[in-house]
Amino acid sequence: MSFRNINRKVSACLIAATLIIVFFSCTEKDTQFKIMDPLSKADNGFVTFTNVPDGNYKVHVRVGSENSAGHTVIRGESRRLFFDGISTGKGEIKDVYFYINKRDTIITAGRNVKIKKREKSKLNWDSNLTFEFNGESPQVVSIEITPSDSALTVFLCGDSTVVDQENEPWCSWGQIIPCFFNDDVCFANYAESGETTSGFIARRRLEKLLTLIKPGDYIFVEFGHNDQKERGEGKGAYLNFTDRLKDFIVAAREKGANPVFVTPTQRRSFNGEGKIVDTHGDYPDAMRKLAAEENVSLIDLHSYTRTLYEAMGVENSVNAFVHYPANTFPNQETPLKDNTHFNPFGANQIAKCVVYGMKQIHLPLVQYLRDDVKDFNPAAPDDFKNFKWYPTPFAEIQKPDGN
């Protein structure tokens, strides 16, 4: 089913379905937790383990059925994608494994991450660990989670182009990229809509992730969209922005972790000749300059997304962004026309650009790509008509912060 055909399914789920979530308490840090036949207990495919301590969990899902063929999509927390479609024949059971990161706002007793009002209901920040099973015919025998610190963790710091967007039709590359990596890697997405380098630090997001990071982990840093809007004394690409980026470098290296800069994604801003017009001022260059000076790995997503959008063209690039006519989603009385934020197809393409960038700079992380991940080139984007997405039963028409 193409993304443009989700309307009836989303509407039906929103109007007719009652979400039933199964809760299983997980209070012991060193214990495995298992749910048998989870779909029989969760009508809409959501299963939640409650009271889960912070950290990484290795997840073992037995996918399939003795009675029928199946097609199963696995997502976790705020719509983080782990498997975009596991096909099983009748009587076939597949064992799949991945890592998921769980966190809440608590840093120490009496000290918390200062999340925004609209974040307080997000699955990413509660005390539970939630999974969603979706797809054409989801079939799940069991799900088991085991706390484990053995995975390499990639912490993502950024804005609305990186964050785990919880509701349709919004989507960002940070919530898609886990599905490209094997169970030696865990992604912990701390990005949030509207954030700047200063705001991310001031709200203690960096402070929180530093309590969980370990030597050898990575901190990916992508900012610029909102930093460029800041005004006042000391603000600017080579002033406050550069100084705060240095804070990320120092914090990562003090913990024995590896900082990686990611230049901001381009906006869909074409000129009359079908070329992308840069809208981020000096901010991408400031990141490049500091990365060179401090010997920090850099993924030039700003450059790759220019190539990607121009290869798509003025008209077809609309398919990568949140552009939908009125009444595509419930209570959507006016068209959605957003040239900054992606839909699932766009997020998929941007995530592939990030992987492409990892390969270009020979980042060691690429050794953990799944065997079935194909090479991608931003100059040759995937055909939107071949993209399939199975929407979660929640939609939101409010644009992310920082639009």
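Below are the figures for this structure:
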quantity	calculated
Sequence-separation-based contact order of the range 214-333, relative, with Cα cut under 8 Å and 6+ spacing, percent	26
Cα centroid separation - the range 83-109 against the range 110-172, whole Å	11
Neighbour net charge for Pro215 - beta-carbon separation under 12 angstrom, K R +1, D E -1	0
At least 15 Å along the helix axis (C-alpha) and Kyte average at least -1.0, DSSP helices within the chain	240-254, 283-294, 301-312, 344-360
Exposure proxy order (Cβ contacts within 10 Å, fewest to most) of Met312, Met287	Met312, Met287
Segments 238-244, 359-365 sorted - mean Cβ within 10 Å per residue, highest first	238-244, 359-365
For the range 3-386, the spread of Cα positions along each principal axis, largest first, Å	61, 49, 39
Per-residue [θ]222 nm for the chain (sum of -39500 (n - 2.57) over DSSP H runs n ≥ 4, rounded to 500)	-6000 deg cm²/dmol
Local net charge near Thr108, Cβ-Cβ under 11 Å (Lys/Arg +1, Asp/Glu -1)	+2
Highest-fluctuation residue, Pro391, Pro335, Pro169 considered, GNM on the chain with Cα pairs under 10 Å	Pro335
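Bear in mind these aren't lab numbers, they're just calculated from the coordinates by the rules spelled out. Only a predicted model underlies this, so the values are computations on that prediction, with no experimental measurement involved. All Cβ positions, glycine included, derive from the backbone under ideal geometry; neighbour counts span all protein chains shown.
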